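One structure is given below, encoded as structure tokens.
The values are calculated or read from the model by the stated rules, or taken from the named source; none is laboratory data. Remember, predicted model here, so these are calculated numbers, not experimental data. In this analysis, Cβ positions are derived from the backbone assuming ideal geometry, glycine residues included, and neighbour counts consider all displayed protein chains.
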Amino acid sequence: MHELVVSMLTVLSKEGLFKNDSVWFTAYYVYNTVWNLSDASLLCAQCLGEAGMVKLCAANIAHGPYRENMKQKNVAFLIKASLSILHNLSKAPSNRHFYRQEAVEAKIQPYAQGCDDNDNDAYLKAITMMTLAYILDEEEDRVDSGDTSIKENGETINMTTEKSTVEYIIGLLKDAQQSTDRRSQGLSCAELAQGLGRLAVNDHNKSRILQAGALPLLTSMLQQDGLLEEQEAATQAIWNLAFDSTVRQHLAVDKACVEALEKLTHSKEQSIRTAAKGALWVGQKQSRSTRTSVASSSVASSSTSGGSSRGPSRSWSRGSSTGSGQLPHIMLSYQWAAQKVVLKVRDLLVTAGYRVWVDVDCMYGSTLQSMAEAVENAEVILVCISERYKESPNCRTEAEYAYQCRKSIIPLMMDKYYQPNGWLGMIMGTKYYVDLSGRHSFSDQAQKLLREISDIGSAALLEEPVFEFEDASTTMLNNPRNHTVSPRPQTLQSPRQSTSSPRRHVSTPRHQMPSPLPESPSPTQPAHVREWSKENVQQWLEHANLSHLRKSLKDFDGSLLAQLHTLRQEAPDFFYTSLRQDLCIQHLVDILKLTAAMDKIL
């Protein structure tokens, strides 16, 4: 549907939007509809971006004849609609790469130079500034370097810096708070605070926002009882700001702001409670003593709130039914939009025999205390990086605490267009990442992930490594830890769960549940194939009905067997030649059986 809309507008543009009334009226109503829909739904905005709406609107605002005839009513509407749609679409993080592709930052600049005395120019300037707040990257700040102009089609364009964007939006916010409808240039206080919150994601903007006088304005919004949208936008903005040490110093002495945040930790809206607790947590710089006090209030408010939930967020699930908070585990840190892939990773790890903490229900219920315990007891933390992850103060709180605790981090790339930058780029550094963005097959990347984890995550295994051979029909997973049965992931309730608090879940393999051991004896070997001795390999051959190949592989231990498997993947011709000439395995059936058996354990 979205592709059809964009295709229709593209065809009309090629014909000439102002060719006749029939063409223009059709275009007018379609643009008006797209404007409203993209404002009402972030998902719709994302789909329109993917369908090519960014490119179309960028072409409209950059078209010379349109810019030269802004006094004409229909042209003015087209530019106004195009800029407004670009603003709406910029709120979807997955659309940002389209803005970079179309150089929207440069094309939008002329509208940021408008005159505030003219109502239409003032609106275009305001909506342009808000769009810039969402699309400017951290590397694109030119204030410090002094480079504030670029060449576009031979024309020198003065670039609007982030500093001037910050100051302009704060000015609009001040005007909006003084107006009866709490709007300025058509933008609400909540929208303007959201723009500031987005600018505050970039660390170099935090002190600018503070110096421009935003904190008292945001504090005033916190105190607006009943205006929930404003309270949520303000708490999110303060949470983002609090990652800066200078801001934290101001918060420490700003009694009104701290008291307002503490009051909002008991808000009836879970999203506001979460943001307020997060802002206090970061504002107190995650010290052990203050962490405990804020986390305790989090638990208390959670139990009195009836466990209600509004919208998706992030939480953590248990990896063991008893005392799991004290047991080593693998923790998945992610932004809720990546949940589908994350749950596949969870199932992969659970089946491999690891204890896993992961969000199951996408609820707001997780307390700061449970987050801290999850991080502190994690053997490995898988950070699912994306543009959305970088922009989430919730995710940053968790990732920075993991970094502060010096935890082993394995990045999982979830966004094929995103290159880690800013605070997330600093934490990731030059770490090798597993690409789960869809550019490569999940199974191939899953094997890489399991190999990475096997080197550092052994303490998160549910029990001492046990390898039990089964009949040839038994399916064994291609991973570093192979079990008798390929267990299906199972979710259990935590004993601490109550009807008034959010659910906690346990991810654990079925065979780890209390149950009688198999009556029939079976050889027990190290679970990690690379740790096998020569005797282990001989026993494996026997149980794979390949005992007649024991002589050929008499010098092979687990490490050599793994290298043989790698040789098959990297140099198949040499692999098969070596089987025949060096190992004297001549028959095709034997070769097929051996490779099939190796596939089951490696």
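Odds and ends about this structure:
- Test: residue in segment 422-429 that is in contact (Cβ under 8 Å) with a residue 60 or more places away in the chain and surrounded by 14 or more Cβ atoms within 10 Å (Cβ to Cβ): yes
- The set of residues from segment 229-250 being buried (at least 24 other Cβ atoms within 10 Å of the Cβ) and closer than 18 Å to His204 by Cα comprises Gln236, Ala237, Ile238, Trp239, Asn240, Leu241, Ala242.
- Matching residues, segment 200-215, being part of a helix (DSSP H, G or I), in contact (Cβ under 8 Å) with a residue 40 or more places away in the chain and not aliphatic (A, V, I, L, M): Asp203, His204, Asn205, Lys206, Ser207, Arg208
- The one condition from (1) surrounded by 15 or more Cβ atoms within 10 Å (Cβ to Cβ); (2) free of Cβ contacts under 8 Å to residues at least 40 places away in the same chain that Leu89 does not meet is (2).
- Candidate set from segment 8-44 (those that are under 17 Å from Leu89 (Cβ atoms) and hydroxyl-bearing (Ser, Thr, Tyr)); member that is surrounded by the fewest Cβ atoms within 10 Å (Cβ to Cβ): Thr33
- Considering only residues in segment 100-123 that are of a type in the set (A, V, I, L, M, F, W, C) and at pLDDT 90 or above, the one that is surrounded by the most Cβ atoms within 10 Å (Cβ to Cβ) turns out to be Ile108.
- Candidates are the residues of segment 147-199 that are in a loop (DSSP other than H, G, I, E, B) and under 14 Å from Leu132 (Cβ atoms); the one that is modelled with the highest pLDDT is Thr161.
- Test: residue in segment 405-416 that is under 20 Å from Leu436 (Cα atoms) and in a helix (DSSP H, G or I): no
- Single condition Ser392 does not satisfy, out of (1) at pLDDT 90 or above; (2) of a type in the set (Gly, Ala, Ser); (3) crowded, with 21+ Cβ neighbours inside 10 Å; (4) within 22 Å of Ser454 (Cβ to Cβ): (4)
- One residue stands out among those in segment 566-592 that are surrounded by 17 or more Cβ atoms within 10 Å (Cβ to Cβ) and out of contact with any Lys or Arg (no Cβ under 6 Å at 6 or more places or on another chain): the one that is modelled with the lowest pLDDT, which is Arg568.
- Qualifying residue in segment 414-432 (condition: in contact with a Leu (Cβ under 9 Å, 6 or more places away or on another chain) and under 30 Å from Glu531 (Cα atoms)): no
- In segment 231-259, the residues that are over 22 Å from Cys395 (Cβ atoms) form Cβ pairs under 7 Å with partners that are at pLDDT below 95 and crowded, with 20+ Cβ neighbours inside 10 Å, at six or more places apart or across chains, as follows: Cys257/Leu251; Val258/Leu251.
- Residues that are among the hydrophobic types (A, V, I, L, M, F, W, C) and not assigned by TED's automatic domain parsing to the domain that holds Asp415 number at least 2 in the following helices (runs of 4 or more DSSP H) confined to segment 14-112: 21-40, 42-51, 53-62, 73-90, 104-108.
- Residue in segment 391-409 that is under 23 Å from Leu241 (Cβ atoms) and among the basic types (Lys, Arg) present: yes
- Within segment 565-594, being part of a helix (DSSP H, G or I) and under 18 Å from Asp444 (Cα atoms) holds for His565, Thr566, Leu567, Arg568, Gln569, Glu570, Pro572.
- Subset of segment 253-304 (residues that are surrounded by fewer than 20 Cβ atoms within 10 Å (Cβ to Cβ), modelled with pLDDT of 50 or more and assigned to a helix (DSSP H, G or I)): Val253, Lys255, Ala256, Val258, Glu259, Glu262, Lys263, Ser271
- Of all the listed residues (Tyr417, Tyr433), the sole one being among the aromatic types (Phe, Trp, Tyr) and either under 20 Å from Glu379 (Cα atoms) or outside the structural domain of Val341 (by TED's automatic domain parsing) (or both) is Tyr433.
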